[in-house]
Structures are given as structure tokens and as C-alpha cells.
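Right, one structure below, let's go through it.
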Amino acid sequence: MNDPVDVLIIGAGASGAAVAWSLAETKMHILCLEQGGWMNPAEYPSTGRDWEAKFYGEWSSSPNVRGRPEDYPINDDNSPIKVVNYNAVGGSTVMYTAHWPRLHPSDFKVKTLDGVADDWPIDYDALTPFFEENDRMMGTSGLSGDPLSPLTHPPMPQQPMGLSGAIIGKAMNELGWHWWPSDTTVATMDYEGRARCINLGHCTPACAQGAKSSTDITYWPHAIRAGVELRTHCRVREITTDENGMASGVVYYDKDGVEQFQPAHVVIIACNGVGTPRLLLNSASNRFPNGLANSSGLVGKNLMFHPYAQIYGYVKEPTDSNRAPPTCLWSKEWYDTDLSRGFVRGYGVQFVRGAGPVFEAVVSEQKGILPWGEDHHRVFRKLNGHRLGFSAICEDLPEEHNCVTLDPVLKDSHGIPAPRIDYTISENSRKMMDHALARGREFLETAGATDICINSPIPWGGWHLLGTARMGTDPKRSVVNEWGRTHDVKNLFIVDGSIFVTSGGVNPTSTIQALALYIADQMKQRLANLFD
Amino acid sequence: MSASLQLTRAQRDDLRTVAGMIVPASDAYKVPGADDPAIQADMLATLGRDTKLVAAALDHLARLAGGPLAELDAARRDAVAQEFRKHGGAAATTLVRVVLQCYYRDDRVLRSLGLELRAPFPKGYVLPEGDWSLLDPVKARAGTLRRAP
């Protein structure tokens, strides 16, 4: 049997890395188990001429398409939005767009302000120092002073506007609508050992330059230097409990596929909104027959994705195509509730600079705007390098029927039951998406775009996995308390996107990591009576 | 096992024919068609995980055509192609994607598009900084962040 550790973290992604780094100063014995391995930037797509083809196979954002041994399958047949994620040291920060808005103060008080969903048990101010700390650690770029966003202080200047940004800005100005340079985790100058962005053009499937922040190159080197142990290719099957109902450790499969037991005094789950409920439900026992920490029955419930309403078109001027980070500007024009729009809550917008030639050809052919035959070449030259996009990140409200359960048949390569997703887009979200598409069309037409196409929702757009182990003060209505400890198991913590109470209308990684740092700080303050 | 070994001769012939229908050669743009031997060789060499679906698509195509696609007259061939694309599902989509992803990385094609013949890394690209005075109207309008109680 392995020697017991003080703290066992499951998952080395966005939140696992942050909590490991923060707790390292306690000098406790901290171990992180990660089902994936270390990444090798020399193998990243942009190092090869076939970089775009890789997105359809080994570098697909869908674990079901990639099918690597490190991935686990997900049955998302009963969802119009498919789950995308990545399993490695760095987790899905290896494969994200690096767009870096954070939740707004009003997002923590949804019930009070708008009468829907629930308020968070904490407010924005509680997270402010951790947002700041996280921005320094991840290394953000942006322009401070956006009047419609929380005040941030990015340590690096914003990305260049590029060709696309200028077209976007002019059109938004003509319409009198808000836009602003996005905060991103793309380094625009050399920063903490990371080289500045050289515009490889596709931030999402990993950055060979290392300019995009992922936790394998930010938090983890610091955490390991501080003494945290990270074991890769170790897949946790279940969390075990003792006769007192406390977590006693985990059963996992090591890199050779050998079953191991790892005892621990504290267990922290950092597997995000699908992996975390899957693990809790797979940890059912006689003591916890409905799954661990699930006396509320809410483990796996209230899954929130952020349905994306995307609309794009083609302008006469050249755009940045694949020669720039895909996201550069955002808009918060429609972020806050305005009931005259016919729905409650709102959405953020991330503008899209363009696409590469293979993607353009494949998608345009599928949309029916790129013909077969003689006219193919003329039309392709009109489309390629001229795309401009408008993507609305619509706030998804929590609904219990949107859920993660265990699939009765599907299993991963270790025979562990895989997650199943049941999800429908709500009427409120549909109205919000339609509103966004109408505004996006106005924007595109103002920019002079033609051949306008829609993806609503973006089917492979389940990047944001939230709400399935929600935070709250009432054990009957939540899974973890206001500082991340599960109500049912007093040495079990959750620090990832599953603890979100509501989703806001922004990419969540900044807030996920701020929450992880906040929970680590709460744990450090309570070390003497952590289990009381 | 190489992908080329998994497609029959008849399937390879139909793949070449349908690829040429999707993207024919063009004198005007000085580009080969997707039925060009080098592009076809690239497709067969890199089919990999797509082999099964592409083979299924080609079988579907063969059933619709009732024989080698190349032997049909132009009108019948177009009708078969339209039917194939309309009702071919994921297999047809995969076949078309394989054709296009190999076509749009061919040196002759990229040159015709004015694109550099290289991987993005390590050279990258230069992005114009742009005129940030475009933001002035946004700053002037200001607006306020919604307050939380």
C-alpha cells in the first residue's frame, strides 16, 4: 500500500493546479493524480503542415473523437451540445481559446436581482484577490478600464487589433454597441519564462510557442518546485470512505494499469463538471448508496453548458484568417437582464477573427455555400481569408433535468462506468440565442458581410461544464458549502466548475481558478479545525 | 496497416472520380484537381482513422452508381453525386472532408491561394497593431457595470 498523504488532489487541470500551488506553502505532503500525461509541445499541431487535419482526429476537442487512452468516453447522444475537454497535465487549459473574462459581481446575485436560479453563497468581492493572483500566475493580456466589465489589471498589453479587429470595431461603433479588447491568457510579451505570441493562429488545440497559458507551464512548475508530487497516467476509479464517513483515500489505476490504493487525510476533486459527478457517483458504497456527497441528490444535476449562438459571414476585405489568435475582442452590450428582450439574464460576445483554409473549405461545403465543380475555386477564393464571426455565450440557468449520470453500458479503458449527458436547451436560452443571432446579423451586415451562416448551438461547443456539484449553505440544496467542502464528507473538497451555482455569460476558467485559490485559502485559514 | 491496403481498387477509382467532381482542375487558377495523383496519394497515405467511414461512403456511392462512377455519363454522375451528398450522412461528410483537407495542403494549391508553404510554427505571422483610437467612442459612451446588492 502507498504511504498516506496529507492532501490528495484528483486532476491536474485548471483548478487542480491552482489549488496544488496554493496549498504547497503549507508544506503538507500533497499528491496529485492525473489520468493524462505531460504534453510535448514539439508534437503540437502547429508544428506540422497537416495542422488543420489534426483537429479532426488526434487533436479533436471531443474526447469521443480523439479516443486516446488518457480520455474517457462520454455518452452525449441525448444532448444537442457535445462535451469537449482535454485530459493531461494542464487539463482543458491545454485546449481552450484562452479567452479570459470573469464572472461579473451581478452574476453572484441572480436570484436577488432577477428572481431566477439561486444566489451564490459568496460574492464577487470574496474572489477579487484570487482573480488578481490568478491573473498574475496565468499571465493575462488585455486593456484595463472596460466600462462594462469588472476592473482587471492584466500584466501584459492587449493583443494587436489585426485586420479583423479593425473591421469589427468600426461596425460596432457604427451601431453604437459596446466592444473592448478581450482579456486573454495569451502572452503578448515575454512573461515568466513564456515566449510572446507569434500568431500561430489557432490557440485552442495547444500552443507550440508556449504563449498561451496552460497550467502545465504556469502553475505546475511552481507547485512541483514547492514539493507537490504529481503522478501522471493514474486514473482514479473511486473515493473510499472509513467507518466515520470520512474520505480515506482513492482507488486508482497506475500507468501500468495496476490497481492501487492511495490513503489520504484530505481529498480534493478537480475533475470539472462532468468528471467530478462521474467520480462521486462511481464512489457509491453502502454508506453512500446514491453516490458520495450526494445526500441532496444534486450530484450531477443542474448541468450548465453555455449554449453558443454563433453567426458568421464574409467581408470583402481580408481578415486575419488563421494568422492570429482566434479571439481578440468581446462585447458586453447584452450581458445584463433587460426584460424587454423577452428573456432573463444575458450573454457575452466573443468575436472571431477567421479560419484556416481547410476548416473554411470543410465547413463551407457542409453549409452548402461552397459548391462542387467548376465554380468551387471562385467561391473558395471569395470565402477564404474573409470570414468574420460573432459568438454569443448565453447564460445557461440551472435545471435539474440537465444532468450527468452514469451510463449503464459505456465504460472507459479501465472498465469504469462512463458519464452520460442528458441536456436540453431551455426556452429562455432559445430566446436569448435568437436575440444574439439577430444582433449578430445586424453586426455582420453593417460590416458588409454576405453568405451569412449560423451555428446555434455550436454542436461541438460543450467547453464549459458547470453546476453539477453546486455550492450553497443548505445541505439539502447544494453539494459543497461556501468554502468548497462537501456537506456530507468533511474532508472532501471540490474546487472545479461543478460548484458553480449559476453560469454567467462568460468563459469560466478565470472564475474556476479564482474559486480554487479561494477554497485553498479557506482551507489554509482553517487547518486547525478543517473537519469541524 | 496502411490505409491504401484497406480500399479496394474499385473504391480507389471511385474516390479519385468523386474527388475530381468536388474540386476539378482549373486552368484559370492554375491548380490541379483533387483527383491529381499526388493529392490522391496523400489521401490514401493519411486516411488512418477515417478509413472505415470513407470505405463506407465509397460503398454507398457504388450502390448509387450501380458501377464505376467514372463510367457514368456526366448527367447521371452528377445526379448520383447529389444523392450521395444529400443522404450520405457522416460517411459522406467524412469523405468530403478527407478530400478537402488533403487538397488544401497541396503546395500547388496553397501557392495559388497566396499562402506560404510551411507550418505555422516556428515562424508565426505578423499581426498589425491597428488603430486603437477606434475605441474612443466606446470610452466616451462609458456605461456602468450592473451593481450587485
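Being within 11 Å of chain B (Cβ to nearest Cβ) and either touching a residue at least 24 places away in the same chain (Cβ under 8 Å) or among the charged types (D, E, K, R) (or both) is a description that applies to residue A:123. Taking the numbered list (1) crowded, with 19+ Cβ neighbours inside 10 Å; (2) at the interface with chain A (Cβ under 7 Å from one of its Cβ atoms) in turn, residue B:102 passes all entries but (2). Exactly one residue out of A:164, A:144, A:149 is outside any loop (DSSP other than H, G, I, E, B) and either touching a strand residue (DSSP E or B) at 6+ places or on another chain (Cβ under 8 Å) or more than 8 Å from every other protein chain (Cβ to nearest Cβ) (or both), and it is A:164.
Would a scan of the range A:62-69 turn up a residue that is among the β-branched types (Val, Ile, Thr), outside any loop (DSSP other than H, G, I, E, B) and touching an Asp or Glu at 6+ places or on another chain (Cβ under 6 Å)? The answer is no, given that none of the residues of the range A:62-69 is among the β-branched types (Val, Ile, Thr), outside any loop (DSSP other than H, G, I, E, B) and touching an Asp or Glu at 6+ places or on another chain (Cβ under 6 Å).
Looking across the range A:291-320, the residues that are farther than 16 Å from residue A:276 by Cα and hydrophobic (A, V, I, L, M, F, W, C) come down to A:309, A:311, A:315. Look at the range B:111-132: where a residue is more than 7 Å from chain A (Cβ to nearest Cβ) and a partner is basic (Lys, Arg), sitting 6+ places away or on another chain with Cβ atoms under 6 Å, you get B:112/B:30.
Evaluating residue A:178 against the criteria (1) in contact with an Asp or Glu (Cβ under 7 Å, 6 or more places away or on another chain); (2) of a type outside the set (Lys, Arg); (3) closer than 24 Å to residue A:196 by Cα leaves one unmet condition, (3).
When you check residue B:56 against the structure, is it among the small types (Gly, Ala, Ser), within 16 Å of the chain's Cα centre (by Cα) and more than 8 Å from every other protein chain (Cβ to nearest Cβ), yes or no? Considered against the rule, which asks whether it is among the small types (Gly, Ala, Ser), within 16 Å of the chain's Cα centre (by Cα) and more than 8 Å from every other protein chain (Cβ to nearest Cβ), residue B:56 comes out as no.
Facing another protein chain (nearest Cβ under 8 Å), of a type in the set (Lys, Arg) and more than 17 Å from residue B:15 (Cβ to Cβ): is that true of residue B:147 in this structure? Criteria met by residue B:147.
Taking the range B:13-129 as the region of interest, the helices (runs of 4 or more DSSP H) fully inside it that hold 1 or more residues being over 30 Å from residue A:324 (Cα atoms) and of a type in the set (D, E, K, R) are B:51-65, B:74-87. I'd like to check something: does the range A:86-109 contain any residue that is within 14 Å of another protein chain (Cβ to nearest Cβ), free of Cβ contacts under 8 Å to residues at least 40 places away in the same chain and surrounded by fewer than 19 Cβ atoms within 10 Å (Cβ to Cβ)? There is no residue in the range A:86-109 that is within 14 Å of another protein chain (Cβ to nearest Cβ), free of Cβ contacts under 8 Å to residues at least 40 places away in the same chain and surrounded by fewer than 19 Cβ atoms within 10 Å (Cβ to Cβ).
Considering A:373, A:342, A:354, the condition of being in contact (Cβ under 8 Å) with a residue 12 or more places away in the chain, on the phi > 0 side of the Ramachandran plot and within 14 Å of chain B (Cβ to nearest Cβ) is satisfied by A:354 alone. Only one entry in A:284, A:270 is over 30 Å from residue A:349 (Cα atoms), at pLDDT 95 or above and aliphatic (A, V, I, L, M), namely A:284. Hey, residue B:107 hits all of (1) surrounded by 12 or more Cβ atoms within 10 Å (Cβ to Cβ); (2) without any contact (Cβ under 8 Å) to a residue 24 or more places away in the chain; (3) more than 8 Å from chain A (Cβ to nearest Cβ); (4) touching a Leu at 6+ places or on another chain (Cβ under 7 Å) but one; which does it fall short on? Residue B:107 satisfies all of (1) surrounded by 12 or more Cβ atoms within 10 Å (Cβ to Cβ); (2) without any contact (Cβ under 8 Å) to a residue 24 or more places away in the chain; (3) more than 8 Å from chain A (Cβ to nearest Cβ); (4) touching a Leu at 6+ places or on another chain (Cβ under 7 Å) except (1).
The values are calculated or read from the model by the stated rules, or taken from the named source; none is laboratory data. Keep in mind the model is a prediction, meaning the values are calculated, not measured. Neighbour counts run over all protein chains shown; Cβ positions are idealised from the backbone, glycine included.
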